[in-house]
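Visitor: Have a look at this one.
The values are calculated or read from the model by the stated rules, or taken from the named source; none is laboratory data. Being a predicted model, the structure only gives us computed values, none of them experimental. Positions of Cβ are generated from backbone atoms using ideal geometry, with glycine treated the same way; all protein chains shown enter the neighbour counts.
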Amino acid sequence: MMPPRTQASAPTGEPDPSRRNNLSLLTSLVHHHGVLSRAQLTRQTGLNRSTVGTLIGHLTSLGLVYESAPSGEGQVGRPSPEVHPSPSIAALAVNPEVDAVTIGLVSLGGKVQKKIRFETERIPSAREAVNIAAAVIAGMRSELDASYRITGVGMAVPGLVNRDDGVVRHAPHLGWRNEPVARMLSEAAGYPCQAANDASLGAEAELIFGAGAGTSAGQGNLIYLNGGASGIGGGIIADGQLLRGASGYAGELGHTFVRSGGSACHCGATGCLETEVSQSRLMELAGLSSGDTADLEEALGNSRSAAVDDEVGRQLTYLGIALRNAVNIFNPDAIVLDGFLGTLHALAPASLDAILRSQAMDGPAGQAKIYRAALGSDLMMIGAAELAFTPFLADPAGLGPTPGTIPAPASRTG
C-alpha cells in the first residue's frame with residue numbers, strides 16, 4: 001500500500017483547526033453545488049467577505065478551485081466572481097455486479113469523466129473483481145498521473161459492507177462473505193480505497209446531486225430504493241444524514257416483508273420485497289435476455305401483452321406495501337426510485353401514488369413525493385466517488401502533489 005500523500009505547507013504554514021474547517025466547508029459547498037459565487041459562499045458560510053476571499057485565494061493557489069467572471073444572471077447589485085471546482089481533482093469509482101465490474105473517474109463537482117464497464121462471463125469473485133478494477137486503473141495510470149490528483153477509490157458493493165473497515169460481510173448475489181475488498185483493492189491499485197453498500201451510496205448521491213437536491217429532501221429526509229440484477233437495495237437519509245445502524249447495515253428495504261406465503265428468499269426469510277418484485281421476471285416477459293433499464297422500459301412500454309400489464313400491476317402492489325411501511329416509519333420528504341423500480345413507476349405513476357395514499361397514514365403519505373432517480377446510469381459512480389472524496393473534503397489542503405508528480409505504486413497485482 002502506498003504511504004499517505006502529503007501536500008507541502010502553504011506559505012502561511014499549516015492551517016489551524018479553524019482554518020482547516022473553513023477550507024473544508026468552502027470546498028464541500030463548491031463540490032456539492034458545482035459553482036457558487038463569492039457572495040453565495042459568504043451567505044451560506046456566515047463568514048465575512050474578507051475571510052471568504054482569503055480562503056478562496058488559498059484554495060485557488062492549491063489548484064482545488066478556480067474563479068471565473070460573474071455571469072450576472074439573476075443578481076442584484078454588483079455581481080461577484082464565480083467559484084468552480086477544479087476538474088483535475090478526481091476520485092476513482094468501482095461497482096462490481098453479477099455480470100460486470102464498472103470503473104469510473106469522477107471529478108470534483110460530481111462529474112463523471114470516464115466510465116468503463118467490463119462484462120464478465122460469470123459472477124466475479126471478490127479477487128476477480130479487484131483484479132479487473134486494478135487492471136483497468138493500471139491502464140488509465142498515465143492519464144491519471146498527467147492530468148489528475150486522485151483522492152482515492154470508492155467501491156459500491158451490493159451487499160452488507162462495514163464502511164469502517166471496507167469488509168463485505170455478505171453479498172448474497174455475488175456470493176461474497178467476509179471479503180476485505182477495500183484493503184485488497186488499495187494494495188492492488190496503489191490508491192487508498194473505501195467500500196460501502198451500493199444503495200446507501202446511491203441515496204447519498206441522489207440527496208446531494210440528484211432528485212433530492214431540488215426538493216425539501218435536499219435538507220433532510222429521503223428514502224432511496226434501487227432495483228437491478230442484484231436485487232433490491234435501499235438507503236435512508238434522516239435529517240440530512242445517512243442512517244447507518246449499529247454496523248452500517250441499515251436500509252436493507254429489499255428484505256421488507258410484503259407477502260404472506262411468498263417465495264423463499266436467499267436471506268432465509270419468505271415473502272421479501274425482492275422475491276416478489278423482480279427485474280428478471282420483467283425481462284422475461286419483455287422478451288429480453290439482457291439489456292439495461294432503458295431497453296427494459298422501452299420493451300415494456302411498447303408491449304400490448306395482458307401478462308405484462310398484470311405483472312407490472314402485481315409488482316407495483318408489493319412495492320407499494322414496502323413503501324407504505326417505510327413512509328409510516330421514516331416520514332420522508334421524498335422517495336427516490338432507481339433502476340427497474342423507476343421503470344415500474346414510470347409505467348404507471350398514478351398506481352403507486354394511489355397505493356401510498358390509500359394505505360399509508362395520512363400525514364406521512366401526504367408529505368412523501370415519489371421521484372425517479374435523476375443521476376441515471378452514473379449514479380453508482382458518483383456515489384462511490386463521494387466515498388473517496390470524503391477524506392479530501394475534510395482536509396482539502398492535505399491533498400497530494402499536482403499532476404505529473406504522483407509516484408506509481410511499488411507493486412501491483414492483476
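Visitor: Quick one: in segment 268-286, of everything that is assigned to a loop (DSSP other than H, G, I, E, B) and in contact with a strand residue (DSSP E or B) (Cβ under 8 Å, 6 or more places away or on another chain), which residue is surrounded by the fewest Cβ atoms within 10 Å (Cβ to Cβ)?
Guide: So the first thing to find is which residues in segment 268-286 are assigned to a loop (DSSP other than H, G, I, E, B), and the list is 268-269, 271, 277-278.
Those still in the list that are in contact with a strand residue (DSSP E or B) (Cβ under 8 Å, 6 or more places away or on another chain) too: 269, 271, 277.
On the way: 269: 12, 271: 18, 277: 26.
Selected residue: 269.
Visitor: Looking at 158, 172, 192, can you tell me which residue is closer than 13 Å to residue 93 by Cα and in contact (Cβ under 8 Å) with a residue 60 or more places away in the chain? I'd like the intermediate steps shown before the answer.
Guide: On the way: 158 fails: closer than 13 Å to residue 93 by Cα; 172 fails: closer than 13 Å to residue 93 by Cα.
Just one listed residue meets the conditions, 192.
Visitor: Here's another thing I want to ask about it. Take residue 289 and decide whether it is at pLDDT below 90, in a helix (DSSP H, G or I) and hydroxyl-bearing (Ser, Thr, Tyr).
Guide: Numbers: at pLDDT below 90: yes; in a helix (DSSP H, G or I): no; hydroxyl-bearing (Ser, Thr, Tyr): yes.
Criteria not met by residue 289.
Visitor: Let me ask something else about it. Based on what the data block shows, is residue 81 modelled with pLDDT under 95, more than 20 Å from residue 376 (Cβ to Cβ) and not small (Gly, Ala, Ser)? Give the steps one after another, and end with the answer.
Guide: Numbers: modelled with pLDDT under 95: yes; more than 20 Å from residue 376 (Cβ to Cβ): yes; not small (Gly, Ala, Ser): yes.
In short, yes.
Visitor: Kindly provide the set of residues from segment 24-54 that are β-branched (Val, Ile, Thr), more than 24 Å from the chain's Cα centre (by Cα) and within 22 Å of residue 398 (Cβ to Cβ), ordered by number.
Guide: 45, 51, 52, 54
Visitor: Name the residue, out of 327, 336, 312, that is surrounded by 19 or more Cβ atoms within 10 Å (Cβ to Cβ) and either of a type in the set (Ser, Thr, Tyr) or in contact with a Ser or Thr (Cβ under 9 Å, 6 or more places away or on another chain) (or both).
Guide: On the way: 327 fails: either of a type in the set (Ser, Thr, Tyr) or in contact with a Ser or Thr (Cβ under 9 Å, 6 or more places away or on another chain) (or both); 336 fails: either of a type in the set (Ser, Thr, Tyr) or in contact with a Ser or Thr (Cβ under 9 Å, 6 or more places away or on another chain) (or both).
Of the residues listed, the single one that is surrounded by 19 or more Cβ atoms within 10 Å (Cβ to Cβ) and either of a type in the set (Ser, Thr, Tyr) or in contact with a Ser or Thr (Cβ under 9 Å, 6 or more places away or on another chain) (or both) is 312.
Visitor: If I filter segment 380-414 down to residues being part of a loop (DSSP other than H, G, I, E, B), in contact with a strand residue (DSSP E or B) (Cβ under 9 Å, 6 or more places away or on another chain) and not β-branched (Val, Ile, Thr), which single residue comes out as modelled with the lowest pLDDT?
Guide: So in segment 380-414, the residues part of a loop (DSSP other than H, G, I, E, B) come out as 395, 399-414.
If we keep only those that are in contact with a strand residue (DSSP E or B) (Cβ under 9 Å, 6 or more places away or on another chain) too, we end up with 399-403, 406.
If we keep only those that are not β-branched (Val, Ile, Thr) as well, we get 399-401, 403.
Values: 399: 86, 400: 65, 401: 63, 403: 57.
Within segment 380-414, the match that is modelled with the lowest pLDDT is 403.
Visitor: Can you pull out every residue in segment 232-248 that is assigned to a loop (DSSP other than H, G, I, E, B) and farther than 14 Å from residue 333 by Cα? Before the answer, list the steps.
Guide: Step one: filter segment 232-248 for residues assigned to a loop (DSSP other than H, G, I, E, B), giving 239-240, 243-248.
Listed by number, the residues that qualify are 243, 244, 245, 246, 247, 248.
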